[in-house]
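The values are calculated or read from the model by the stated rules, or taken from the named source; none is laboratory data. The structure displayed is predicted, hence computed values, not measured ones. Because the Cβ atoms are built from the backbone with ideal geometry, glycine has one as well, and the counts that use them run over all protein chains shown.
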Amino acid sequence: MASRFGLSVALATPFHVSGQIAVPAMVAQAKACLGAGCSSATLFGTTGEGASLGTEERRTVIEAMLVAGIPAHQLVAGVLVDAAEDAAEQARHALQRGARNILLAPPSYFKNVGDDGLFGWFSAVFAALGPLARGVLLYNIPSVTAVKLSLSLIGRLRTAFPAVVAGVKDSGGDWSYSEALLATHGDLVILIGDERHLARSVRQGGQGAISGMANFVTGEIRAMAVDGRDDARVENFVLELLKYPVTPAVKVMVARKTGDEGWLAVRPPLEPISAQGRQQLAAAYDRLFATEPV
């Protein structure tokens, strides 16, 4: 087996007041997380507000990362769009530039679609990519997409495209599904997005995580994702984050860690967390992380 996936930070995306991406701050955050123990940075995922970022913006960010000296093999690119043509176009540039993986979510506009339809969509993306297609991590996040990737669909895709499908990122938050995924497809790269289940999944064969919390507690998440160590502080802080829209809440913590309130900005239709919410998150963090991990 190739080297384990490890921990990838689901990198948050900072914005200027104008609404444009604050590229230097994003590059600096990627470097900080990589320096603190992440093996890669996942750009344009859920935490990175990837569904709100256009194709040209993505190209600009990837090129900036490479110019700044971040190796392409330490970059993962999220693709969160509905049209197979658009998905292939966004993935194509990242793959051409040498990205480690593509984190590919299923289309989410059409509801109640079956496995045959989803198989056809993924097949169309892979066909459009042609020989470039590789390193795809199927993204199960039904709370956002309203599409649950069945174990049988994953099996069909990996059988039909063995050189393309590398693994699954499971952000469903359903441990029974995660456990079945590990048992059925554990020879793939299985990554768990819900930090409450992370350490347990690693002990059962999971290869790590793509984690939004790695933006601000990198070392703690790495111990869970790489070493399989439980950390009740992290698990309890997830519950605090879930009291709010998660992406803006994560950005609150990045702003607090970096001392840069520019990180509080989100791109519409998301809205920033209120001052009261920011204070409550900070207080919960200070209370929980004042103790040693257990």
Original post:
Which residue pairs have Cβ atoms under 8 Å apart, sit 6 or more places apart or on different chains, and have a first residue in the range 161-184 that is more than 11 Å from SER201 (Cβ to Cβ) and touching a residue at least 24 places away in the same chain (Cβ under 8 Å) and a second that is assigned to a helix (DSSP H, G or I) and among the polar types (S, T, N, Q)?
Top reply: PHE161/SER123; SER171/SER143; GLY172/SER143; GLY172/SER178; GLY173/SER143
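Of all residues in the range 223-261, count the ones that are of a type in the set (Gly, Ala, Ser), surrounded by fewer than 15 Cβ atoms within 10 Å (Cβ to Cβ) and either in a helix (DSSP H, G or I) or touching a Phe, Trp or Tyr at 6+ places or on another chain (Cβ under 7 Å) (or both). Reasoning before the result, please.
Restricting attention to the range 223-261, the residues satisfying the condition of being of a type in the set (Gly, Ala, Ser) are 223, 225, 228, 232, 249, 255, 259.
Now drop any that are not surrounded by fewer than 15 Cβ atoms within 10 Å (Cβ to Cβ), which leaves 232, 259.
Next, only the ones that are either in a helix (DSSP H, G or I) or touching a Phe, Trp or Tyr at 6+ places or on another chain (Cβ under 7 Å) (or both) stay: 232.
Residues flagged as of a type in the set (Gly, Ala, Ser), surrounded by fewer than 15 Cβ atoms within 10 Å (Cβ to Cβ) and either in a helix (DSSP H, G or I) or touching a Phe, Trp or Tyr at 6+ places or on another chain (Cβ under 7 Å) (or both) within the range 223-261 amount to 1.
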Original post:
Within the range 177-235, can you find the residues that are more than 17 Å from THR47 (Cα to Cα) and of a type in the set (Asp, Glu)?
Top reply: GLU179, ASP187, GLU220, ASP227, ASP230, ASP231, GLU235
Original post:
Can you name the condition, by its number, that LYS111 falls short on among (1) more than 18 Å from the chain's Cα centre (by Cα); (2) modelled with pLDDT of 95 or more?
Top reply: (2)
**OP:** Find all pairs meeting these conditions: Cβ atoms under 7 angstrom apart; at least six residues apart or on different chains; first residue within the range 53-64 and on the phi < 0 side of the Ramachandran plot; second residue surrounded by 15 or more Cβ atoms within 10 Å (Cβ to Cβ) and in a loop (DSSP other than H, G, I, E, B).
**Re:** LEU53/THR13; LEU53/PHE44; ARG58/PHE44; ILE62/ARG97
Original post:
Going through the range 244-294 one residue at a time, which ones are more than 25 Å from PHE44 (Cβ to Cβ) and in contact (Cβ under 8 Å) with a residue 60 or more places away in the chain?
Top reply: PHE289, PRO293, VAL294
